[in-house]
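One structure below.
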Amino acid sequence: MTAKPPEELDQLQAMRILVVEDSKYMRTLLRGLLQSYGVREVLEAGDGSEALKIVMASPPDAIVCDLQMMPMNGLEFVDLVRKAENSPNRFMPIVMITANPSRETVAAARDAGVSEFLAKPVTAEALLSRLLAAIKPRPFVETRKFFGPDRRRKDDPKYPGPERRETEPEDVDVDLPAKPKPPKSS
């Protein structure tokens, strides 16, 4: 695994991360990886409805969530975290993982508002990389159909293509998440 700067790992060490995965084996694997990065507390849920109860009762700092679960799948769960009026933190970093990384699946996860996407099998380096990218502050965009992190990784004012975003100000709101909490001293 590539060494990460201590300040990035320090930020993880102060976090509570919720793992939402229907496979007990994968939950155990993900818990072990997160603990190896020094994550302060790892919470677990076996599906989206169980995870939603945890999020509402005691919101974690970030979520690592599987896509395919029953009775509530990862996309439905993310949609509620992002769009429900009573969501305790619509800006929560969310890493979606799946064994089916098709173009359609990635697009559906992106459109649901995930922060990062990761294909199984999960490696320690890939999980750490996506988690660090997810917790890095990014502007959030809200339209009539979408709420989530800005999908653009960079602003290229010279982009000449037909997909250049041009909207009226009333169509899009850009919000910034609150600054990350400082590490708690033990």
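The values are calculated or read from the model by the stated rules, or taken from the named source; none is laboratory data. Predicted model, so just to flag it, every value in this text is computed and none were measured. Note: ideal-geometry Cβ built from the backbone for every residue, glycine included; neighbour counts use all protein chains shown.
Computed values, structure above
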{"read-out": "Every residue from the stretch 122-139 that is in contact (Cβ under 8 Å) with a residue 12 or more places away in the chain and assigned to a loop (DSSP other than H, G, I, E, B)", "value": "V122, P137, R138, P139"}
{"read-out": "Which numbered condition R130 fails, given (1) surrounded by 13 or more Cβ atoms within 10 Å (Cβ to Cβ); (2) out of contact with any Lys or Arg (no Cβ under 9 Å at 6 or more places or on another chain); (3) at pLDDT below 85; (4) over 22 Å from K83 (Cα atoms)", "value": "(3)"}
{"read-out": "Exclusive hit being within 10 Å of the chain's Cα centre (by Cα) and farther than 24 Å from K24 by Cα, set I94, I135", "value": "I135"}
{"read-out": "Options M72, M26; residue that is over 11 Å from the mean Cα position of the chain (by Cα) and not in a helix (DSSP H, G or I)", "value": "M72"}
{"read-out": "Residue in the stretch 79-94 that is at pLDDT below 95, in a loop (DSSP other than H, G, I, E, B), of a type in the set (S, T, Y) and within 22 Å of L52 (Cα to Cα) present", "value": "yes"}
{"read-out": "Extreme residue, surrounded by the most Cβ atoms within 10 Å (Cβ to Cβ), among residues of the stretch 31-52 that are in contact (Cβ under 8 Å) with a residue 12 or more places away in the chain and polar (S, T, N, Q)", "value": "S49"}
{"read-out": "So D111, is it acidic (D, E) and under 14 Å from V20 (Cβ atoms)", "value": "no"}
{"read-out": "Conditions (1) among the acidic types (D, E); (2) without any contact (Cβ under 8 Å) to a residue 24 or more places away in the chain; (3) surrounded by fewer than 18 Cβ atoms within 10 Å (Cβ to Cβ): number failed by E116", "value": "(3)"}
{"read-out": "Residue in the stretch 89-97 that is of a type in the set (V, I, T), over 18 Å from M15 (Cβ atoms) and crowded, with 17+ Cβ neighbours inside 10 Å present", "value": "no"}
{"read-out": "Filtered residue count, the stretch 99-111, keeping only those that are of a type in the set (S, T, N, Q) and either modelled with pLDDT of 95 or more or assigned to a helix (DSSP H, G or I) (or both)", "value": "1"}
